[in-house]
1. Filter segment 267-281 down to residues that are among the acidic types (Asp, Glu) and in a helix (DSSP H, G or I) and give me whichever is most open to solvent (accessible area, probe 1.4 Å).
2. Out of Glu246, Glu232, Glu271, I need the residue that is modelled with pLDDT of 90 or more and in contact with a helix residue (DSSP H, G or I) (Cβ under 8 Å, 6 or more places away or on another chain). Which one?
3. Taking the condition under 20 Å from the mean Cα position of the chain (by Cα) and open to solvent by 30 Å² or more (accessible area, probe 1.4 Å), does Asp45 pass?
4. May I ask you to list pairs of residues, at least six apart or on different chains, whose Cβ atoms are under 9 Å apart, with the first in segment 29-56 being closer than 19 Å to Pro332 by Cβ and the second being assigned to a loop (DSSP other than H, G, I, E, B) and acidic (Asp, Glu)?
5. Which is farther than 16 Å from Val32 by Cβ, in contact with a Gly (Cβ under 9 Å, 6 or more places away or on another chain) and either surrounded by 15 or more Cβ atoms within 10 Å (Cβ to Cβ) or at pLDDT below 95 (or both), of Leu284, Leu319, Leu293?
6. Answer yes or no as to whether His398 is surrounded by fewer than 19 Cβ atoms within 10 Å (Cβ to Cβ) and within 25 Å of Ile169 (Cα to Cα).
7. Under 8 Å by Cβ, and 6 or more places apart or on different chains, what pairs join a residue from segment 227-239 that is touching a residue at least 40 places away in the same chain (Cβ under 8 Å) and under 14 Å from Gly356 (Cβ atoms) with one that is assigned to a helix (DSSP H, G or I) and basic (Lys, Arg)?
8. Tell me yes or no: at least one residue of segment 97-115 is under 30 Å from Ile56 (Cα atoms), at pLDDT 85 or above and out of contact with any Lys or Arg (no Cβ under 9 Å at 6 or more places or on another chain).
Amino acid sequence: MSTETLFHRIADYASRPDPYPLYAELREHGVVRQDDGSYLVGTYDEIAALLHDPRISSDRRLRTVPDPLGPGQDDVPPAFIGLDDPEHDRLRRLAMRPFGPPHSPGRIDALRGEIARIAEELADGLGGDGKRIDIVDDFAYPLPVTVICRLLGVPTEDEPRFRAWSDTIVSGFDATPGEDPEQRVRSATEARRAMALYLGELAESRRGHPSDDMLSALVNDEAPEGRMNQIELMTTSVLLLIAGHETTVNLITNGVLTLLRHPDALARLREDPALMPQAVEELLRYEPPVQMLPQRTPLADVEVSGVTVPRGAPLILVLASGNRDPLRFAEPERFDITRPDNQHLGFGSGVHSCFGAPLARIETQIALTTLLHRLGDLRLVEDPPPYRTNPVLRGPRHLVVEPGA
């Protein structure tokens, strides 16, 4: 089959359980132009260079050909991850002030105890009576969404509203060949608007009445860069909430699935829990929750591996392919929880590297440690499990396990 349809094959739901052979095919060609005018890049060095190249924009509105993932949510302004400097830098700095160093260096570490308590409470609810457990619904989803809602200051009784909104927003980026994307994009836009209005009103209620949460800090903290306006506050709050749990859900679930498929690694982690931070880094390389960055656009003609990518063309950086590039990683298809020099692309790189990476790492380390400690031997009920339809944020939709024989 022609490489011109490689992205369609990757996006095809049938490829979701194992897209890695397609990524290997992509690496053989380096850069592949698709029949819709987009370009795929799958080699580590080229992806890393492009992530640091100031000629590569993150603003999808600058594209001169249709987006391969369908129309964007045009009437909703982009959050800062969809902007370029200097606006990206200004808004990211404002968002980071209450989130981490240098202004709030202890905030994430201070959450360790709270995250551990939430994980233990969820583990208590899993029971020990031999029943089946859905790792996604019973543990991997409620843990990070509870953490991010508490971090932002969302009332506990309102937390369930965010799952429906978030699922709809993320489905707006699904790419099903042959499907008319307009309805899913319209639904995603409406959900994003509803979440933005809710979070904006919640933040405004904290203005002049500061409390110890991020929304309060965003509206009350006077930074050298000033303050966010209402629209910026709403789009940033939506980004923080969605980015604060969606990728972590997949990372935890992919982690459980991978460890159950590699019992030697699982046994070693049970014997030596101190290896968990290294194991999470290997999971980010081996089964990254964000498979690709589809929203890059060259601001000028750019040569990549001898191929000229024209200005305005959609540029898709396939991070998961770069993470298994044999020119960068020895035995890249092997899951090795003690892998040295593991400079993976799981959180991207450059000015747009994932600002929530420290929180995602801590949540996943605690989540997997808790599950390994509290649950005995488990068996996958279905392998491969059913996956979410999204080819960008890849992870099981359900991961049902039961006690092993």
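The values are calculated or read from the model by the stated rules, or taken from the named source; none is laboratory data. All values reported here derive from a predicted model rather than from experimental measurement. Reconstructed Cβ throughout: ideal geometry from the backbone, glycine too, with neighbour counts over all protein chains shown. Note: accessible area is taken over every heavy atom of the protein model, side chains too, but ligands, DNA and RNA are not part of it. Shrake-Rupley method; radii C 1.70, N 1.55, O 1.52, S 1.80 Å.
1. This residue is Glu271.
2. Exactly one residue qualifies, and that residue is Glu232.
3. For Asp45, the condition - under 20 Å from the mean Cα position of the chain (by Cα) and open to solvent by 30 Å² or more (accessible area, probe 1.4 Å) - is not met.
4. As it stands, the answer is Gly42/Asp325; Thr43/Asp325; Tyr44/Asp325; Asp45/Asp325; Ile47/Asp325, since those pairs meet every condition given.
5. On the way: Leu319 fails: farther than 16 Å from Val32 by Cβ; Leu293 fails: farther than 16 Å from Val32 by Cβ.
Only one candidate passes the filter, namely Leu284.
6. Judged against the criteria, His398 is a match.
7. From segment 227-239, the pairs are Val238/Arg192.
8. Yes - at least one qualifying residue is present in segment 97-115.
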